[in-house]
Amino acid sequence: MEIMKYAIEGYRDVEALEYLGIFGNPIKHTLSPIIHNTISRNLNKNMRYIPFQITDNLGDAVKMAHDAGIVGLNITVPYKQQVMEYLVDIDEAAKVIGAVNTLVRCNKGYKGYNTDMYGLAKSLVSEGVKLEGAKVIMLGAGGAARAVAYMCLKYGADRVYIVNRTFENAKNIADDMNAAFDCDKIIPLSASDYYIIPNGRYIMIQCTSVGLHEGDGLPLISDESFFEKAEIGVDLIYNPAKTPFLKLVEENGGKAINGLGMLLHQGVKAYELWNDVEISEKLIKNIYKALCRVSYDNTDNIVLVGYMGCGKSTVGRFLSMACGYDFIDTDEIIEKREGMSTSDIFSNKGEEYFRKLETELLRELKGKLKNTVIATGGGMPVKEENRALLKELGKVFYLKASLDTTYQRVSGGTGRPLLDDLDGNSLYNKIKEMTAIRTPIYTEVADEIIDTNEISEYEVHKVIAASMSSYAKDVE
Ligand code: ATR
């Protein structure tokens, strides 16, 4: 696929049956893969989402994506307007808004939609905020503000003031949207005229880029008395979680809502358009927690260690499905590279060779992973160098199981190299011998030890999720 040349590092070799993606520049820090890859995993779809850094020739890139069979794309800064030139069709709402953030594949090209508008509306609904009959004050009149103004009218706001540094830009949006909805509910104002707005309780929506960068200073309007009008304050920015605007809202008794919910719901809506499915509320909630964790908790990768049969792979898969982590299994990677099973590598090339591959793999992964669960081979931490590398990779959890539990779990025979051809007593004794050696090693490398004897793998993933995040304590 020619389009893969634009994929950012870490995504170029991704193999899947079907692909989704996002075009933007810059694109390295996008959170969208967490949304879409988590949904695909939960729906058991072999479909992966790839960030593409498009620096020029947007039209060619759209064509390349279509030729490559890409099912759907998100479009972000700076291409939401420009991409409209390269589409075979555009949804009516997106036409009025004048921006497209989602492309849905059709026969000869893509059809454009704007799910940002829907995303913000859904995020307000989920916060219990009603737009119908509401009075709204918008700050800002750029591209994002157009979608917000459209949303306000579509969902029945009673009156909308658009306050902007440059009056003309506010007036343009007001004229376009009032015309589209055949009304005069939107009133443009220059920033210095904000005091004209009558007293009352408003939903204030911050649509400028002020607050995105540290040191941005005060929002467009910072007069405390203005914020007394804010029953609800919404900022389209989600990082930082609390912009100066949202702080002013809270200080004056209003409820603050940042842009993370909008990001979530625009993504979910896009996925639904691409795949003609409906995403459950439970999954949406878990993705939201994953987004919070990655955006605000600044946590690390998860490394799972423990004796064979302790549930590393199953727990890892639960974490990746429910909590939006990527998942890798070091044994699987090595098997794939060598083209044979772990047992065959042991018998054909020896344990020493396998251990060497493990160390090489850890060195290679160092510094390259984020938001990933790494399930490790049972013998991985035996080498001291590996232990140091594992600790550098992320937070290490030892899934501890007693000798009896381990025996029960592995006695079904699962092709494990060091236990092949053993049964009954000799298997039990071999496990006893190996756990005696490895238990202190696992204990040494662990940041946290989880006793898995009495709880299921499902419960284990919840304990880990809670330990990793202040937001994910009640992962379903
Ligand atoms: P986006 O597509 O994200 O909305 P944009 O189209 O560049 O971005 O719009 C940016 C908005 O932020 C505009 O309303 C802009 O005001 P102007 O129309 O007067 O340019 C506003 N904005 C950006 N920087 C600002 C600042 N320092 N103070 C006040 N408003 C600002």
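The values are calculated or read from the model by the stated rules, or taken from the named source; none is laboratory data. The shown structure was predicted, so the numbers you read here are calculated from the model rather than taken from an experiment. Cβ placement follows ideal geometry from the backbone for every residue including glycine, while neighbour counts extend to all protein chains displayed. Note: areas computed on protein heavy atoms with side chains; ligands, DNA, RNA excluded. Shrake-Rupley method; radii C 1.70, N 1.55, O 1.52, S 1.80 Å.
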**Message:** What figure, in Å² to the nearest 10, do you get for the accessible area of Lys336 with a 1.4 Å probe and non-protein molecules left out?
**Reply:** 150 Å²
**Complete:** The distance between the Cα centres of segment 163-182 and segment 291-333, in whole Å, is 48 Å
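Within the set Lys135/Lys229; Lys289/Lys370; Lys63/Lys368; Lys45/Lys80; Lys130/Lys255, which residue pairs have Cα atoms separated by over 22 Å? Mind dumping the intermediate values first?
Details: Lys135/Lys229 10 Å; Lys289/Lys370 16 Å; Lys63/Lys368 31 Å; Lys45/Lys80 28 Å; Lys130/Lys255 13 Å.
Too far apart for the 22 Å limit: Lys63/Lys368; Lys45/Lys80.
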**Complete:** Computed about the Cα centre, the charge dipole of segment 298-469 from +1 Lys/Arg and -1 Asp/Glu charges at the Cβ has a magnitude in debye, to the nearest 20, of 300 debye
**Asked** Cα centroids of segment 391-408 and segment 213-253: how far apart, whole angstrom?
**Response** 46 Å
**Message:** What distance in nm separates the two pseudo spin-label positions at Glu250 and His213, each 7 Å out from Cα along the beta-carbon direction?
**Reply:** 2.4 nm
**Request:** In debye, nearest 20, what is the charge dipole magnitude of segment 118-258 about its Cα centre with +1 on Lys and Arg Cβ and -1 on Asp and Glu Cβ, if you could check?
**Result:** 320 debye
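With the Cα gyration tensor of segment 298-469 in hand, convert its eigenvalues to equivalent ellipsoid semi-axes via √(5λ) and list them largest first in whole Å. Spell out each step's value before the answer.
On the way: eigenvalues 112, 80, 41 Å².
Ellipsoid half-lengths, sorted descending, are 24, 20, 14 Å.
What do you reckon, how do Tyr398, Tyr353, Tyr86, Tyr195 stack up by accessible area (1.4 Å probe), largest on top? Don't skip to the end; give the middle numbers.
Details: Tyr398 10, Tyr353 65, Tyr86 85, Tyr195 155 Å².
Highest to lowest solvent-accessible surface, that is Tyr195, Tyr86, Tyr353, Tyr398.
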**Asked** How far is helix 457-468 tilted off the main Cα axis of the chain, in degrees rounded to 10, range 0 to 90?
**Response** 60 degrees
**Request:** Please give the solvent-accessible surface of Lys383 in Å², to the nearest 10, using a probe radius of 1.4 Å with every protein chain present.
**Result:** 80 Å²
**Asked** Residue separation times 0.36 nm, minus the C-alpha to C-alpha distance between Ile455 and Arg165: what's the value?
**Response** 98.6 nm
**Prompt:** Between Glu433 and Tyr11, what length comes free when the chain is fully extended (0.36 nm per residue of separation minus the Cα-Cα distance, one decimal in nm)?
**Reply:** 147.8 nm
**Message:** How large is the Rg to Rh ratio of segment 1-67 when both quantities use alpha carbon positions and Rh follows Kirkwood?
**Reply:** 0.95
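Multiply the residue separation of Asp184 and Glu351 by 0.36 nm, subtract the distance between their alpha-carbon atoms, and state the gained length in nm to one decimal.
Numbers: separation 167, 0.36 × 167 = 60.12 nm, distance 7.66 nm.
Between Asp184 and Glu351, full extension yields 52.5 nm more.
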**Asked** Quick one: helix 167-180 against the long Cα principal axis of the chain, what's the angle to the nearest 10°, folded into 0 to 90?
**Response** 90 degrees
**Asked** What FRET efficiency, computed as 1/(1 + (r/R0)^6) with R0 = 51 Å and r the Cβ-Cβ distance, is obtained for Lys383 and Cys106, rounded to the nearest 0.05?
**Response** 0.45
**Prompt:** So what does Lys154 come to for accessible area, using a 1.4 Å probe and Å² rounded to 10?
**Reply:** 100 Å²
**Request:** Among Ser469, Leu319, Gly306, flag the residue with its Cα farthest along the positive direction of the charge dipole of segment 298-469, charges on Cβ as +1 for Lys/Arg and -1 for Asp/Glu.
**Result:** Ser469
**Prompt:** Straight-line reach from Lys269: which aspartates and glutamates have Cα under 13 Å away, leaving out those fewer than 8 places along the same chain?
**Reply:** Asp116, Glu278, Glu281
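Ignoring ligands, DNA and RNA, what percent of the accessible area of the chain is carbon or sulfur (1.4 Å)?
Numbers: 9930 of 21280 Å².
Here carbon and sulfur together make up 47 percent of the probe-accessible area.
As a test of reading the structure, rank Val125, Val373, Val104 by solvent-accessible area (1.4 Å probe, protein chains only), most first.
Values: Val125 100, Val373 0, Val104 25 Å².
Ranked from most to least accessible, the order is Val125, Val104, Val373.
Which value, in debye to the nearest 20, describes the size of the charge dipole of the chain about its Cα centre when Lys and Arg Cβ atoms bear +1, Asp and Glu Cβ atoms bear -1, and nothing else is charged?
200 debye
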**Asked** Any idea what angle helix 424-445 forms with the longest principal axis of the chain, computed on alpha-carbon atoms, 0 to 90 degrees, nearest 10?
**Response** 50 degrees
**Request:** Choose one of Gly253, Asn107, Tyr296: the residue whose Cα lies farthest towards the positive end of the charge dipole of the chain (beta-carbon charges +1 Lys, Arg; -1 Asp, Glu; about the Cα centre).
**Result:** Gly253
**Leading residue at positive end of dipole, segment 118-258 (Cβ point charges), from Leu212, Asn169, Ala147** = Ala147
**Message:** Calculate the FRET efficiency for Gln82 and Leu43 from the Cβ-Cβ distance with a Förster distance of 35 Å, rounded to the nearest 0.05.
**Reply:** 0.65
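Using a 1.4 Å probe, what is the accessible area per residue for the chain, in Å²? Kindly include the intermediate steps, with their values, before the conclusion.
Details: 21280 Å² over 476 residues.
Ligands and nucleic acids excluded, the figure is 45 Å² per residue.
Which order do you get for Cys106, Cys292 if you rank them by accessible area with a 1.4 Å probe, largest at the top? Intermediate values should be presented prior to the final figure.
Values: Cys106 50, Cys292 5 Å².
In descending accessible area the options line up as Cys106, Cys292.
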